[in-house]
1. To the nearest 500 deg cm²/dmol, what mean residue ellipticity at 222 nm is calculated for the chain from DSSP H runs of n ≥ 4 alone, each contributing -39,500 (n - 2.57), summed and divided by the residues?
2. So for the chain, taking the charge dipole from beta-carbon charges (+1 Lys/Arg, -1 Asp/Glu), which of SER73, ASN20, ALA51 sits furthest toward the positive end?
3. Starting from the 7 Å offset along Cα-to-Cβ, what nm value, one decimal, do you get for the label separation of VAL47 and ILE92?
4. Please give, to one decimal in nm, the separation of the simple spin-label points placed at SER154 and ASN59, each 7 Å out from Cα toward the Cβ.
5. Applying the Karplus parametrisation 6.51 cos²θ - 1.76 cosθ + 1.60 with θ = phi - 60° to the phi angles of the range 59-74, what ³J(HN,Hα) value in whole Hz is obtained for each residue in order, glycine and proline being reported as x?
6. Filter LYS28/LYS171; LYS54/LYS76; LYS54/LYS130; LYS54/LYS143; LYS28/LYS143 down to the pairs with a C-alpha to C-alpha distance above 23 Å, please.
7. How would you rank VAL63, VAL39, VAL207, going from fewest to most other Cβ atoms within 10 Å of each one's own Cβ?
8. Using the crude model of +1 on Lys and Arg Cβ and -1 on Asp and Glu Cβ, and no other charge, please compute the dipole size for the range 2-80 relative to its Cα centre, in debye to 20.
Amino acid sequence: TGLYIEGLLYGFHYSGEGSNDPDYRLLKEQELEEKGSEVLWNELNAVDPEAAAKISVNNPRRVIRALEVIHASGKKFSSLEIQKTPHYDAFIIGLNTDRALLYERINLRVELMSEAGLEEEARDLYEKSKGLDIQSISGIGYKEWIPYFEGEQSREAIISTIQQNSRRYAKRQLTWFRNRLPQIRWVNLLENSKDKEELLEELSAFVEEG
């Protein structure tokens, strides 16, 4: 993920150390129970879109931590994370494609995963997590099954929701990469074969200069 690439280039930093407010955190945890993680993520996105682009809506603890740091420090969570002085001179390649094709592939991947045992895996987690605060059941591809297991929605509706959430996550990932790692050399090898030749030339020049 982008976090690991950023960690390799710039090192890992623990954001907002000392910026703690237990009362505020408790308030946000109550909001999470009452309103859901998307409401909190939207709140973070309104005050710090760069941090929101990096943090998944399915990671409410991380969202709450970001909001807590912003509340306690008065600074954006994203501004406290990493100072942009890389440890290495890196040539980063990003593979991209047409948005419609990307979404088509995401939809197909979800269907294949559902046929290959995703439903059974999600059900097993659901049964084991009843009454517990387990992060794994809140991830994309798992939490969406809960209404189906509880007889509230059809299987088709669940798969459609997973596809939608996966597309949104892919969009957020692209936004994060473009904001946090603007030096990435993006290529679309499916639509432009010349990109491969140009990329190899740039990479060769980079290695020779290094």
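1. Calculated from helices alone, the mean residue ellipticity at 222 nm is -19000 deg cm²/dmol.
2. SER73
3. A separation of 2.7 nm, rounded to one decimal place.
4. Inter-label distance under the simple model: 3.5 nm.
5. Each residue's phi maps through the Karplus curve to give 10, x, 5, 5, 4, 4, 4, 4, 5, 5, 5, 4, 5, 7, 9, x Hz.
6. Correct reply: LYS28/LYS171; LYS54/LYS130.
7. So the residues, fewest neighbours to most, are VAL207, VAL39, VAL63.
8. 220
A short reminder: the numbers here are calculations on the coordinates, not readings from a lab. If you're wondering where the values come from, they're calculated on a predicted model, not measured in any experiment. Positions of Cβ are backbone-derived with ideal geometry, glycine not excepted, and every protein chain shown enters the neighbour counts.
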